[in-house]
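Enquirer: Below: one structure in structure tokens.
The values are calculated or read from the model by the stated rules, or taken from the named source; none is laboratory data. If you're wondering where the values come from, they're calculated on a predicted model, not measured in any experiment. A quick note on method: Cβ atoms are made from the backbone with ideal geometry, for glycine too, and the neighbour counts reach across all protein chains shown.
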Amino acid sequence: MMRAYLDHNATSPLKPAARQAMLAALEEGGNASSIHSEGRSARNRIEAAREAIAAELGVLTPMVIFTSGGTEANNLALKGLGLDRLIISAIEHPCVREAARASGKPVDLIPVDANGVADLEALKTLLAKPGKALVSLMMANNETGVLQPVAEAAAITHAHGGLLHTDAVQVLGKQPLRFPLIGADLMTLSAHKLGGPLGAGALIIRDGLPLIPLLDGGGQELRRRAGTENAPAIAGFAASLGNLPKEISSLRDNLESLIQAATPAAVFFGKAAPRLSNTTCFALPGLAADTALISLDLDGVSVSSGSACSSGKVGRSHVLAAMGVEENIAKGAIRVSLGWNSSVQDVDQFIAAWKRAATRAKQKAA
Ligand code: PLP
């Protein structure tokens with residue numbers, strides 16, 4: 001059976017160009033800090049990748065700090081600035097929420113509305129409290145795909161003397177992303193969400209902003225990230241750059257119409273807000289997400305529950321809870337996320353499998 005992999009927001013399959021760049025770098029080897037020829041080759045690959053990523057984002061090359069992925073970049077941003085306090089949105093990825101908690105600083109949460117969009121009036125109120133704040137507001141939510149008003153939040157934050165970090169892990173590769181247009185001070189990226197390798201990412205930091213490293217023991221990345229650079233993964237990251245085709249949004253919209261037609265009781269989350277073109281999150285009341293995921297998997301379809309947590313267990317989604325979705329509805333939340341190799345056939349296979357999952361649930365209930 002052909003499988004339909006529709007879980008690109010969890011991780012996207014490796015693009016052929018990324019695989020090629022990685023194989024070449026693996027073959028060549030070398031430590032980028034070495035003076036000899038192999039070392040210089042690895043250094044050249046890394047610096048070429050840095051230039052490509054800097055050009056994609058419209059930044060200077062020293063503003064790109066390579067990390068082991070989005071989780072590390074978020075930790076570096078939240079722990080590395082030495083401000084008095086943190087303000088994060090209620091829908092951030094667990095690696096932002098938990099890094100904020102672990103920083104030991106006071107943390108305030110920006111609420112979201114029923115569509116999952118951060119409340120900027122609430123941000124203003126939080127910024128009025130004493131102490132210089134780092135605000136962390138993601139560009140797009142991984143569960144719902146809902147885009148956040150980050151440029152407005154950055155302007156508000158700067159007017160209050162604070163700094164703004166944005167987790168753009170779900171945006172890179174899906175739509176054009178230009179750091180200067182957003183006005184953020186720091187931005188997190190991850191390679192594996194757009195068809196690059198797992199275990200590679202970057203923190204983009206405004207030129208000249210001092211940063212306390214998380215790791216001690218090496219001068220790499222202009223003393224901001226110690227450890228021998230993963231040249232093959234970094235080369236694969238740069239080779240994976242490129243945005244989704246425009247057709248993805250009509251594929252997603254068509255998928256949503258077909259779901260609604262097959263199961264008219266289905267409820268969609270965040271659909272009224274501006275969203276990424278590839279993501280849909282929905283529930284069919286009475287169909288639990290874990291039951292649906294197993295049924296879909298048996299039919300060759302890979303998707304996530306709305307609350308896909310790292311343990312693989314289906315837990316309560318803090319994102320849907322923050323949007324005020326009732327728990328008995330939220331526990332059925334399913335996320336379908338398309339990507340660079342998604343096709344009409346994948347959508348058809350999903351719909352056929354979805355109909356079977358809904359029928360099985362109905363039969364069980366009867
Ligand atoms: N931020 C968001 C919004 C994500 O969706 C993810 C992926 O799970 C991460 C951060 C973590 O990135 P990584 O898997 O590269 O550590």
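Enquirer: Asp108 passes all but one of (1) within 16 Å of the ligand (Cβ to nearest atom); (2) acidic (Asp, Glu); (3) surrounded by fewer than 23 Cβ atoms within 10 Å (Cβ to Cβ); which number fails?
Expert: (1)
Enquirer: Condition first: within 12 Å of the ligand (Cβ to nearest atom) and not in a loop (DSSP other than H, G, I, E, B). Can you find one or more residues in the stretch 152-161 that meet it?
Expert: No.
Enquirer: Which one is nearest to Ala18 (Cα to Cα), of the residues in the stretch 57-78 that are surrounded by fewer than 20 Cβ atoms within 10 Å (Cβ to Cβ) and not aliphatic (A, V, I, L, M)?
Expert: Ser68
Enquirer: Name, by its number, the condition in (1) away from the ligand (no atom under 16 Å from the Cβ); (2) surrounded by fewer than 20 Cβ atoms within 10 Å (Cβ to Cβ); (3) modelled with pLDDT of 95 or more that does not hold for Gly82.
Expert: In the conditions (1) away from the ligand (no atom under 16 Å from the Cβ); (2) surrounded by fewer than 20 Cβ atoms within 10 Å (Cβ to Cβ); (3) modelled with pLDDT of 95 or more, Gly82 misses (3) alone.
Enquirer: Same structure, new question: I want to confirm something. Restricting to the stretch 185-217 and keeping residues that are touching a residue at least 24 places away in the same chain (Cβ under 8 Å) and of a type in the set (Gly, Ala, Ser), which single residue is farthest from Glu47 (Cα to Cα)?
Expert: Gly195
Enquirer: Ok, one more. Exactly one of (1) within 21 Å of Asn75 (Cα to Cα); (2) surrounded by 24 or more Cβ atoms within 10 Å (Cβ to Cβ) is unmet by Ala239. Its number?
Expert: For Ala239, the failing item is (1).
Enquirer: Please specify each residue of the stretch 167-212 satisfying the condition of being among the polar types (S, T, N, Q) and more than 10 Å from the ligand (Cβ to nearest atom).
Expert: Result: Gln175, single match.
Enquirer: Hand me the list of strands (runs of 3 or more DSSP E) wholly inside the stretch 36-126 holding 2 or more residues that are closer than 21 Å to Pro180 by Cα and among the hydrophobic types (A, V, I, L, M, F, W, C). Steps first, answer last, please.
Expert: On the way: elements: 64-67, 85-89, 107-110.
Per the criteria, 64-67.
Enquirer: Which pairs turn up if I take residues in the stretch 327-341 that are farther than 18 Å from Ala10 by Cα and look for partners that are of a type in the set (D, E, K, R) with beta carbon separation below 6 Å, at least 6 apart in sequence or on another chain?
Expert: none
Enquirer: Ok, one more. Out of all the residues in the stretch 316-366, which are over 26 Å from the mean Cα position of the chain (by Cα) and aromatic (Phe, Trp, Tyr)?
Expert: The answer is none; no residue qualifies.
Enquirer: Here's another thing I want to ask about it. For the stretch 124-151, what are the residues that are more than 16 Å from the ligand (Cβ to nearest atom), small (Gly, Ala, Ser) and surrounded by 19 or more Cβ atoms within 10 Å (Cβ to Cβ)?
Expert: The one that is more than 16 Å from the ligand (Cβ to nearest atom), small (Gly, Ala, Ser) and surrounded by 19 or more Cβ atoms within 10 Å (Cβ to Cβ): Ala133.
Enquirer: From the list Ile259, Ile234, Ile248, exactly one residue is surrounded by 15 or more Cβ atoms within 10 Å (Cβ to Cβ), assigned to a helix (DSSP H, G or I) and in contact with a strand residue (DSSP E or B) (Cβ under 6 Å, 6 or more places away or on another chain). Which is it?
Expert: Ile234
Enquirer: To continue, here is another question. Among the residues of the stretch 5-18, are any among the basic types (Lys, Arg), surrounded by 15 or more Cβ atoms within 10 Å (Cβ to Cβ) and not in a loop (DSSP other than H, G, I, E, B)?
Expert: No - not one qualifying residue is present in the stretch 5-18.
Enquirer: From Glu121, Glu47, Glu98, Glu92, which residue is at pLDDT 95 or above, surrounded by fewer than 19 Cβ atoms within 10 Å (Cβ to Cβ) and within 16 Å of the ligand (Cβ to nearest atom)?
Expert: Glu98
Enquirer: Within the set of pairs 6 or more residues apart or between chains, which connect a residue that is closer than 24 Å to Arg97 by Cα inside the stretch 52-74 to a residue that is of a type in the set (Gly, Ala, Ser) and away from the ligand (no atom under 12 Å from the Cβ) with Cβ atoms less than 7 Å apart?
Expert: Val64/Ala54
Enquirer: Which pairs have Cβ atoms under 6 Å, sit 6 or more apart or on different chains, and link a residue in the stretch 161-183 that is within 17 Å of Ile110 (Cβ to Cβ) and in contact (Cβ under 8 Å) with a residue 40 or more places away in the chain to one that is among the acidic types (Asp, Glu) and surrounded by fewer than 23 Cβ atoms within 10 Å (Cβ to Cβ)?
Expert: Between residues of the stretch 161-183 that are within 17 Å of Ile110 (Cβ to Cβ) and in contact (Cβ under 8 Å) with a residue 40 or more places away in the chain and residues that are among the acidic types (Asp, Glu) and surrounded by fewer than 23 Cβ atoms within 10 Å (Cβ to Cβ), the close pairs are Leu163/Asp185.
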